[in-house]
Each structure stands twice: as C-alpha cells, then as structure tokens.
Ligand code: NAD
C-alpha cells in the first residue's frame, strides 16, 4: 500500500518504520526542514528499549515537495498543526485517499472534515508511544495498540483491509464501537494529568500524592461530563478518575512526565486548545459553563508566553 505519514515526528516516524518494514511504500512528510534533511541524508535513527540504534532508509519530504498520490494518509501532526498540514496536502488529497488520525485531543475530526469527505475519514486512539530525540532520531519503548472507527461506517470502503494492513505491521489495531467516547476519555485523562503536571512541574506520581488531587481532578472532569452530556457524547467522570488513579503507581506510569510537560520543557507549543480549551469553547457554545477548563487553558497559555513559545 502507498502510505503517507503526514506529520512524521515521534509517533509518525515510529509508525512509518513499522509500516515500511511490513512491505508498504511509505513517505514521511514533515515541515521540520532539519528533520527531513537528516532522514534524507543519514536515514532515520531509532533507539530501541535495549539502547541500540537502528538506521532506516526512508523517503522523507516537505509537504510542498509531495506530488504523488497515496492510498492512505496517516495524520500524525500535533492537533494544532493539522489544519496547516491538510491545507499543504490539498493536491495529494484530491484522489480521495483514506485519512486516518490517531492524534490526541478533541476536534481533530472536525479539522479533517474541513478538507476531506467524511466517508474517507477514520479516527482512533493509540497507546503506542515514542519520543523525538532530535532531527532524524526517535527513541521508542514498549508496545501498544490502536482502536479505530470509520466516521461513516457503512460508506468507508474497506475498514477490515485497513486494519489488516496495520496489523501486518504489528500495530495491534482493532475496531472501536464508539471512537468519540474513546477520544473524550483520553482527552479527559490528558486534561487532568498533562495540564496539572505541566503547571506544577511534577510527574504523575507526584500529582497523585497531592492531598487535594481529587478536588483538582473533579473540577476538570465534572465540567467535561456536563459538556459531553450536552453534546450527546458518552463520558463518565468516575471512569476517567479511576483510569487516572491507576496511573499513579511509581513502578508503572507514575515516574512519567506527560507529553505536555515535555513540550513545555522543549519550548514547543502544547495541545491545550484541543484539551481543556476545547471543552471550555464547546461549553460556551452549548450554554454549559466550563470555567475551570477555561482558566487552566489560559494558565498554560500564560506559561507558554513566559517561555517565549509561539
Ligand atoms: P511530535 O512533537 O514528535 O511531532 C509533531 C510535529 O512537530 C512533527 O511534524 C515534528 O516534526 C514537529 N516537531 C517536533 N519537534 C520539533 C522541533 N524541535 N522543531 C520543529 N518541528 C518539530 O509529536 P508526536 O509525539 O509524534 O505526537 C503526534 C500526535 O500523537 C499528538 O497528537 C500526540 O498527542 C499524539 N500521541 C503522542 C504519543 C507519544 O508517545 N509521542 C502517544 C500517543 C499519542
């Protein structure tokens, strides 16, 4: 299959390597010039669990250099970069490839549907992970899985075929019954852990050790639940709270600093407008106030400004 990875950072590169190794013709498409040039000249370096480096020769291009068409476009930009990437790839999207996104945050489906017919769009969530260590270099640990669903299930040409392609690359994909609920659940978790750990400069276990973590958690998730209910999206604050508490164990995820914390440390923009910020905006539209989420989004934006992040 001819596959474009549009947004070939940490996750896009990891998926690209796996799909190419399974025999697909993969093109990594990215706006970071140094990253693209390094892959073109030296290959993509992947550091694995045991600390060894593996170099993969991959086709890498800037969006404006892409002229070919693809069967599948996997969008793996950050949420706030997606609209620009889709605009840049408008020519490539002309032949109506399947478009899959597994990016975090709420609102990505709406962004894609501004550029791609809804019946070609597949969305999902993933627990694969990866870090971009530098241009042309990712570090990967562990394994993961994908859960996905076509936006118009009876119109999408071949979801089983897409799942077979992903699974032939060892990506552990399976169909989701309610992908919107899954996206909101993950966003609820991220809107507590990512946001507070970034504001308090702490890891997940340290957040869980705060005497008032439940109060902080409930202030975010009660608003999520009210807004989701008004938007007719299934969301349980109690379920997400249980999932969050399960992350505190220092021998499991507790020692981890969430991705927003890492973005802030690297002086990269955060996905806050697609987490707490999205719920605040949707709440305002639906007449369901979400002042805690609105304030948290502003606090993260203030921190970005203080660090000179644009
Ligand atoms: P990433 O930051 O590694 O890459 C996203 C884009 O930002 C890429 O185009 C990349 O080239 C660009 N970029 C990164 N650093 C840059 C720099 N210093 N200068 C210029 N450009 C730079 O993002 P990611 O971690 O691959 O995440 C993609 C999506 O997947 C996000 O929605 C994220 O929340 C989600 N996600 C990530 C993980 C993970 O473990 N990384 C896990 C699950 C979901």
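To the nearest 10 degrees, how steep is helix 213-230 against the longest Cα principal axis of the chain, on a 0 to 90 scale?
Tilt relative to the chain: about 70 degrees.
As I understand it, the value is the acute angle between the Cα axis of helix 159-168 and the longest principal axis of the Cα atoms of the chain; what does it come to in degrees, rounded to 10?
Once rounded, one gets 80 degrees.
Which of 257, 278 has the fewest other C-beta atoms within 10 Å, and how do the rest follow up to the most?
So the ranking, lowest neighbour count to highest, is 257, 278.
Tell me, 207, 224 in order of fewest to most beta-carbon neighbours within 10 Å?
Going from least to most buried by this count: 207, 224.
Determine Rg/Rh for segment 147-259; Rg is computed over alpha-carbon atoms and Rh is the Kirkwood hydrodynamic estimate from the same atoms.
On the Cα set of segment 147-259, Rg over Rh gives 1.07.
Mind sorting 215, 61 by how few other Cβ atoms lie within 10 Å of their own Cβ, fewest first?
By the 10 Å Cβ count, ascending: 215, 61.
Based solely on C-alpha atoms, express the radius of gyration and the Dmax of segment 224-293 in angstrom.
14.7, 42
What percentages make up the Cα-Cα pair-distance distribution of the chain when the bins are 10 Å wide from 0?
6, 27, 35, 25, 7, 0
When the label point is put 7 Å from the Cα of residue 249 along its Cα-to-beta-carbon vector, which residues of segment 120-150 have a backbone N closer than 20 Å?
What the label zone holds, given the 20 Å backbone N cut-off, is 127-129, 141-145.
Take residue 218 and residue 298, extend 7 Å from each Cα along the Cα→Cβ direction, and tell me the distance between the two endpoints in nm.
2.4
Relative to the first principal axis of the alpha-carbon coordinates of the chain, what is the inclination of helix 276-286, with its axis defined by its Cα atoms, in degrees from 0 to 90 and to the nearest 10?
Roughly 70 degrees between the two axes.
At 7 Å along Cα-to-Cβ for each site, give me the label-to-label distance between residue 127 and residue 83 in nm.
Simple spin-label model gives 3.3 nm for this pair.
Rounded to whole Å and sorted largest first, what semi-axes of the equivalent ellipsoid does the C-alpha gyration tensor of segment 30-83 yield via the square root of 5 times each eigenvalue?
Working from the Cα gyration tensor, I get semi-axes of 23, 15, 12 Å.
Okay, helix-only estimate at 222 nm for the chain: each DSSP H run of n ≥ 4 adds -39500 (n - 2.57), divide by all residues, round to 500 deg cm²/dmol; what do you get?
-13000 deg cm²/dmol
Express the Stokes-Einstein translational diffusion coefficient of segment 219-258 in µm² s⁻¹, to the nearest whole number, given a Kirkwood radius over alpha-carbon pairs, 20 °C and a viscosity of 1.002 mPa s.
For the chosen part, D equals 189 µm²/s.
Restricting the calculation to Cα positions, tell me the Rg (one decimal) and the Dmax (whole number) of segment 47-136 in Å.
Considering segment 47-136 through its Cα atoms, Rg and Dmax are 14.7, 43 Å.
Looking only at segment 54-79, which residues have a backbone nitrogen under 19 Å from a spot 7 Å from the Cα of residue 113 in the C-beta direction?
Flagged as within label range: 75, 79.
Read the figures in this text as sums done on the coordinates, not as results from a lab. Just so we're clear, the structure is a prediction, and the values are computed from it rather than from any experiment. Note that we place each Cβ from the backbone using ideal geometry, even for glycine, and neighbour counts take in every protein chain shown.
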